[in-house]
Structures are given as structure tokens and as C-alpha cells.
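These notes are about the structure you will find just below.
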Amino acid sequence: MTRAQLRLAMAATALSATLTASPAFAQAGKIDAADTAWMLGATGLVLMMTIPGLALFYAGMVRKKNVLATMAQCMAATFLVSILWALIGYSLAFTGDGAYIGTLDRIFLRGMTLDAISPHAKTIPESLFMIYQMTFAIITVALVAGSVADRMRFSAFLLFCVFWLLLVYVPIAHWVWGGGFLGSYGVIDFAGGLVVHLNAGVAGLVAAYVVGKRRGYGSENLSPHDLTLAVIGTGLLWVGWFGFNGGSALGANSRAAMAITSTHLSASAGAFTWMALEWWTRGKPSVLGMISGAVAGLGTITPASGFVLPMQAALIGLVAGAVCFWACTWLKMKIGYDDSLDVFGVHGVGGLTGTLLAGVLAVGALSASPEMPGGVSGLLEGNPQQVLAQAYGIVITLAWSGIVTFIVLKVVGAMVPLRVRHEDEVMGLDVTQHGEALQ
């Protein structure tokens, strides 16, 4: 081979490598090993957020007689939602281009071959995208359980999981992420401010009102059983959130790294702010306050994590700690609802706040792509329309989640009692619902 031929061969090899790594080539639907490896890990991290993360977080904040029942709800949400998602939920959420709901093209995962690729994630196997999205559905349903902890009948919760997943979560996921009308309108939600946090928070608030307050609420000591469990759960949630937000970049890339950085800084700022406010108003910084602030920061940065810079994320965390502290103290007392584990105050209010702030702070360069070279810019970059789009998404999510959750609870209540009997609640759900108890 002559030198000229050798140089030509080397140039062709380099060009091929460049094209393979380019965004344009990725759009053609070639499975990328690095993206696949990262998303496999991210899927495990997000599943870990529910079991054992959320299960420990919730179990540590209820009374000892209800610890196993609370964990059972997280476990049940995991296996029940997983089955339903594979059977029909994924297909309705992420296939087709309908404005309001997907198709049945992937019912029972029909047609999902080894080399199948979703148009929503073009560099990883569709089976991986499907199960990654499954973990989001799982934790969203499990979050709602925290609002009615200590008093909801297990059979009623199982029925609620089925109806709520299919009638509330799946449509909203399609509207925002699956090609539905909210995404088409321009609403941005990187990892679930609307789909997960505001959705679960509003559902939890409605459920708290429909099921009613715990026996002894306001007159008896309902303090957490074991905050050490809750702290461990917070740590697992915090680490798992790297897969939650970082994985939403759907690849091993700079945007994933930036989202993880923003996630960590927001959580840290949220924990610091809640601690400072509690120290100032109550004289002592509680462990419960610090972990609540961390989760508030995590939930609030979620919709904005792939659209904002790290210092903007820290600012979002500061706002999250303050706003969610206010919601869980003053607002909760003012409205008079019994949201056992503050799902609405932390996730609902945090998701709403983060969704709005995403519209204010979004940096176009972070979301730039071949299809949208300028990316999505927010109000500070001269795009006030993005704030209006975010507000529109919030209103739609509030209305759909609130109204349909109410209907679902009434339907379930007509089938089985929503709430355990008074004597069962006094004895504890561990024994009365599951025939087990902690020693």
C-alpha cells in the first residue's frame, strides 16, 4: 500500500468514527454501547429509589405499628405497576403520535425485538427505554401512598394502583413525554416535575381529603417511629436521583453529567435552607427537617435539571427549601388536611415550583440538538412564552390529576372500603392488614 493509499484509508476510518459518534448518526437509530451501559445503571438506580429507598424513607416516618404496612404498599406498587406497564401502560404512553393517548402497538410488548428502538430514545434498545420508564411509573404511584399512610386498606390501595396508573399517570406521561399535546405545545419537563411530582402531590392531597384524617390527628403523638430508617431512605433516594435526572438525558453524555451536578447541588441547598429556617423559627435544626429539605430540593430540580446551569440549580434548591417548608407548616395548618408524609407539601409544591422555574431559567445551549439548534430558552434568555407554556402544563396536570384521582377513589370506595376500621387503625395496619408485627 502506498503512502497516499494509507493516508486515504486512515482518513476514511476517521470519518467513519466521527459520523458514528455524531448526533446526526445517533438519530438514525443505532444502538450505542456507552449509552446502553449508562441507562442500564440508571434504571437500577431509579428502581432503588422505590425499593428500598422510598420504602425506608416512609417506614421511618410512620408509627411502629404501621411500618410493615407502609413498606408493603411500596412493594405492591413495584410489582403491580411493573406488570401493568408491560401489559399496556407503556404502549399507551409511548407509542403513536396521538395528542391525548398512545396506541396498542406494544400491548403485551408485542413486536419489541432485540434490535427494536423507540423514537424517543434512539441510541438504546427499546426494551431498556421501556423498563426505565417503568421505574418512573412505579415511584409515582408509590409516592401517593405517603399521603394516606396509617389508614388506607391494603385491598383499596391495590385497586387504586391499577386505576390511577392507567387513568392518570399514563395519559399525563403521554401528553408530556410521549408525543402528546403538552409536549407539542412546548412544555418542558426533563425528568418529571409534572408527570411525577406535581401529579403524585395533587393525587396525594385529594386522597388525604377523601380518606380523611388519621385517628388522633392533632391530639395524639403521631411522631416518626425511627428516623434512622428515614435517613437511610433519604440517602438511597438522593443517590438514586442521579439515575432519575441524569438518566433522563437518555445517554452517557454531557447533559447527563450536568443534570447530576444540578441535582446534587439543589438537594444540598434545599437541605441547608430547611435546616436554617427550622433553626430560626423553632430553635433547633431537626433531622426530619434536613431530610425533608433534601427531598424538596431533589423534587424541585427534577423538571429543570437538564435545562439549567449548576448555580441556577443551587438557587432552585434554596427556593425549594423555603417554599416547601412553608407548604408543610403554614399552608398545611391553614388548609387543615392530613397528608401523613407531606407528599403534597414536598412533591406537589416542589414539582410546581420547579416547573415554573424551568421556564424562567432554562439555558438554550443545554438542550440544543440537530432538530432544535438553539435549544429551549427561558424568560431570562428572552423567551417569556416558555413561562406561559409551563403554567399551561401545570394547570392541565392539576386539573386532570385532581379530578380523575377523586373519581378513582370514589369508584374504589364503592368496591371496597377505602379506610380500615377504627379498631384496626388503633391496633395498627401491620397486624390487621398483614398479620405481622415488628417485635
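Every number here is computed from the coordinates shown, using simple stated rules; none is lab data. As the structure is a computational prediction, the values presented were derived from the model and not from experiment. Please note: Cβ atoms are built from the backbone with ideal geometry, for glycine as well, and neighbour counts cover all protein chains shown.
Listing for the model above:
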{"read-out": "Straight-distance crosslink candidates among lysines, where the alpha carbon sits under 23 Å from residue 410 and sequence neighbours closer than 8 are dropped", "value": "213"}
{"read-out": "The chain: relative contact order as a whole-number percent, Cα under 8 Å and 6+ apart", "value": "22 percent"}
{"read-out": "For residue 423, net neighbour charge (Lys/Arg +1, Asp/Glu -1) across residues whose Cβ lies under 13 Å away", "value": "+3"}
{"read-out": "Filtered trypsin sites (Lys or Arg not before Pro), the range 349-439: DSSP coil and at most 14 other beta carbons within 10 Å", "value": "421"}
{"read-out": "(1) 90, 50, 42; (2) 94, 62, 38; (3) 130, 58, 42, with the label sought being that of the calculated Cα extents along the principal axes in Å", "value": "(1)"}
{"read-out": "Residues whose placed amide H lies under 5 Å from that of residue 419, excluding near-sequence neighbours", "value": "153"}
{"read-out": "With Cα atoms, 0 to 90° folded angle of helix 67-84 axis to the chain main axis", "value": "40 degrees"}
{"read-out": "Fewest-first ranking of 220, 371, using other Cβ atoms within 10 Å as the exposure measure", "value": "371, 220"}
{"read-out": "Residue-averaged [θ]222 nm for the chain, counting only DSSP H segments that reach four residues, each worth -39500 (n - 2.57)", "value": "-19000 deg cm²/dmol"}
{"read-out": "Phi-based couplings in Hz for the range 263-276 (Karplus 6.51, -1.76, 1.60; Gly and Pro marked x)", "value": "4, 5, 5, 5, 4, 5, 5, x, 5, 5, 5, 4, 4, 5"}
{"read-out": "The chain: angle of helix 385-415 to the longest principal axis, Cα-based, in degrees nearest 10", "value": "50 degrees"}
{"read-out": "Square roots of five times the Cα gyration tensor eigenvalues for the range 98-152, Å", "value": "30, 14, 11"}
{"read-out": "The chain: angle of helix 33-48 to the longest principal axis, Cα-based, in degrees nearest 10", "value": "0 degrees"}
{"read-out": "Residues residue 257 and residue 371, FRET efficiency given R0 of 25 Å [Cβ-Cβ distance, rounded to 0.05]", "value": "0.70"}
{"read-out": "Point-to-point label distance, residue 280-residue 380, nm (Cα→Cβ direction, 7 Å offset)", "value": "2.1 nm"}
{"read-out": "Magnitude of the charge dipole, the chain, Cβ model with Lys/Arg +1 and Asp/Glu -1, debye to 20", "value": "220 debye"}
{"read-out": "The range 158-269 shape via C-alpha gyration tensor axes, a/c threshold 1.5", "value": "oblate"}
{"read-out": "Charge dipole (the chain, unit charges on Cβ, about Cα centre) - positive-most of 304, 337, 407", "value": "337"}
{"read-out": "Positive-end residue of 134, 358, 104, charge dipole of the chain with Cβ unit charges", "value": "358"}
{"read-out": "Burial ordering of 97, 150, 32, fewest other beta-carbon atoms within 10 Å first", "value": "97, 32, 150"}
{"read-out": "Least to most buried among 174, 197, 225, 120 (fewest other Cβ within 10 Å first)", "value": "120, 225, 174, 197"}
